[in-house]
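Comments concern the structure below.
The values are calculated or read from the model by the stated rules, or taken from the named source; none is laboratory data. Just so it is clear, the structure is predicted and the values come from calculations on it, not from any experiment. Don't worry about glycine lacking a Cβ; one is built from the backbone with ideal geometry, like all the others, and counts go over all protein chains shown. Areas reflect the complete protein model, heavy atoms only, side chains present, ligands, DNA and RNA absent. Shrake-Rupley method; radii C 1.70, N 1.55, O 1.52, S 1.80 Å.
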Amino acid sequence: TDLRPLDILSEVVPAGALARGVRVFQWQGERGFQLAASRPRALGFPASRLFIHCDRFPEEFSIIATLRVLSVPAKRNEYIFTLMAEESPGVLVGLRYAPDKLHFLFWSQERAGGWQTRVTFPNVSLSDGQWHTLVLAVSGQSFSLTVDCSIPKDVVVETPFPASLSVRRASFYLGNRRRRKGVFTGLLRQLVLLPGADATPRICTTMNFKAATLSVPPILQDVPMKPASNEVLKYPYETDTKVTLGSRPRCTKQEKAQFWFNASRRGLYLCNGSTWVSMLEVKHRLDYVEEYQNLVTNSETMGIEVFTIPKVGLFAATANRITPPGSAIYKWTDGKFVPYQNIPTYQAQSWKYFTIGKKIFLAVANFEQNERGQEFSVIYKWSRRKAKFIPYQRISTHSARDWEAFVIEGEAFLAVVNHREGNNHNIDSVIYRWNPRTGLFETNQTIPTSGAYDWEFFTIGPYSFLAVANTFNGTSTKIYSHIYIWLSGSFQLFQSILTFGAADWEVFRVGDRVFLAVANSHSYDSGMPAPSNFYAINSSIYELNITAQMFVKFQDLLTYSALDWEFFSVGDDSFLVVANSFDGFTFSVNSVIYRWQGYEGFVAAHHLPTVGCRDWEAFHTPEGSFLLYSSAREPLSKVLKLKTT
């Protein structure tokens, strides 16, 4: 049997016109229906228009809904749809949303006198103002809900969905249950009934999981074109717009979805709630790179972190080798970085900036012990009163190389890379979870690593990943680095990739394609003959293959003891810059900017003289776009300006 999707939304909207009580509203580039509460019966149609040849509701089916939910008050329910018999106030089939819950309702006529069963899916958070796609699959006593193609929530109930539910003289009602109370206040873009199948495999085939579609009414599909002559738009739609002219205005939640026109750059920008996103401007292209500032540092710099503290400014933290004086924080002032704060560190390797709610933190990875023989890495907290970072929490680490901060399902985590303990490189690195009650990070999980250098966290759709760069196992740098995936409350091994003294992972996207680049630093194996050059080796770029569900090699690039990759964009062009640190003879070696050129992959575009280059950071200011590199061989880092045409 050809089981076609039954588009409930399209039945509500007659061809070429809008039903009374329905408006078209656009949000984040997608259009949906907004429903009026004044005429709930106008948003209904007879079930016989969908069930032409049979007056029975399917026994097995999926319901697919794409919607944007507004904030729903506590103890309030909003109906996404109902199916109701004309002579009865009871709901035969329905779907409703409450704060953090989704309820599926059905009427079981097999019970004496009939009985309404409610299947509840807890911890379903949709009230964030974003688009979400739900797939509810029903089969007997089994009910499965998938939100944005994430891991399904499965519920088994005592009462099965009826095998023979009559829809004779019944009607579908969109966003209500034939009453004004409980009308859906958000936007509906898709509402489809698919008989006889679990629709999840058909829906979850694209990278844009939140807007995945099976069937969308034509009125919601096409972006309105410019009308010919004096013709009006066939389907008018609405959106709240405001365009501000002049100097750069603020962009906060209050200005979200508002526009700003920058006359000097001939650009139109949209506020996303925190930053201005370019919508239309004259696209710049990278022409060349020029030296902008020599940043004198306390000592050799192992890593740099550039970050912005809201309403305070742009900063750069340098992880410096020698103590005293330790490491430093610089503030961007009048178009330059100037010293702002010194912090005692112990052969610091890197900094990590992150926030938890309104709290602002900066964590340093210390490689050596302090004066008392204690080995700690330290988390600092920004004091608004003192306008500087102060010590907040010390964590015992072992030759720490890197911190990575991330959030999964609303919980904050902090992962440290432990490089070695004494001469033992095969030790555990640790993932800490933030405890809101104590206000401290507590051990959550340990992962075995081998001379590890770097963590890289990233997400693909609803899935979270953590990649570790393993460098040395005590005898060889030719070892596997690992990618872990978050499943059932912990990280589990997803894929292993052979690397050669891996020092860094960098994840980035070009269009819908997801890439992962590894910086290989040197090739050494105590049991093998020495190569002609330990340091002139390929670093590799891997691309996610969705079909194979793994990263596959995309491109090799010859590097010289590569220690870092940094991805950045200029206009429509994408770039990768590598930190080449040593070619086997000298630390004065060119680092290279590679330009993305489609089918050719990344092609060398600019060769930048560097000395013992350790880390790259890209950043933007009103003065332009910049690259900042740190030197692990001299107390001098450089700010380079990207000159565009």
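Return the only residue of Val417, Val407 being in the same structural domain as Ala562 (by the TED database) and within 19 Å of Ile356 (Cα to Cα). Walk me through how you get there before you give the answer.
Numbers: Val417 fails: within 19 Å of Ile356 (Cα to Cα).
Answer to the selection: Val407.
Which ranges mark the strands (runs of 3 or more DSSP E) fully within the stretch 296-389 that have 1 or more residues being modelled with pLDDT under 95 and crowded, with 22+ Cβ neighbours inside 10 Å?
Per the criteria, no element qualifies.
Only one of (1) crowded, with 21+ Cβ neighbours inside 10 Å; (2) more than 25 Å from Gly29 (Cα to Cα) fails for Glu158. Which number is that?
(1)
Quick check, is Ala530 modelled with pLDDT under 95, aliphatic (A, V, I, L, M) and more than 26 Å from the chain's Cα centre (by Cα)?
yes
Being aromatic (Phe, Trp, Tyr), assigned by the TED database to the domain that holds Gln347 and within 30 Å of Asp512 (Cα to Cα): is that true of Phe472 here?
no
Filter the stretch 253-284 down to the residues that are within 25 Å of Gln34 (Cβ to Cβ), in contact with a strand residue (DSSP E or B) (Cβ under 9 Å, 6 or more places away or on another chain), at pLDDT 80 or above and not in a strand (DSSP E or B) and list them by number.
The answer is Gln258, and nothing else.
With the structure loaded, tell me whether Gly273 is touching a Lys or Arg at 6+ places or on another chain (Cβ under 9 Å), touching a residue at least 12 places away in the same chain (Cβ under 8 Å) and either surrounded by 12 or more Cβ atoms within 10 Å (Cβ to Cβ) or not assigned by the TED database to the domain that holds Gly335 (or both) or whether it fails that test.
Here the answer is yes, as Gly273 does meet what is asked.
Residues being assigned to a strand (DSSP E or B) and either within 17 Å of Ile304 (Cα to Cα) or aromatic (Phe, Trp, Tyr) (or both): count how many of those fall in the stretch 601-620. Even if it seems obvious, please write down each step before you answer.
Restricting attention to the stretch 601-620, the residues satisfying the condition of being assigned to a strand (DSSP E or B) are 602-611, 613-620.
Those still in the list that are either within 17 Å of Ile304 (Cα to Cα) or aromatic (Phe, Trp, Tyr) (or both) too: 602, 610-611, 613-620.
Summing the residues that are assigned to a strand (DSSP E or B) and either within 17 Å of Ile304 (Cα to Cα) or aromatic (Phe, Trp, Tyr) (or both) in the stretch 601-620 gives 11.
If you take the residues in the stretch 431-454 that are farther than 18 Å from Phe361 by Cα and open to solvent by less than 20 Å² (accessible area, probe 1.4 Å), which one is farthest from the chain's Cα centre (by Cα)?
Filtering first and then ranking leaves Gly451.
Please verify whether Glu634 is in a strand (DSSP E or B) and either touching a Pro at 6+ places or on another chain (Cβ under 6 Å) or open to solvent by 20 Å² or more (accessible area, probe 1.4 Å) (or both), treating the condition exactly as stated.
no
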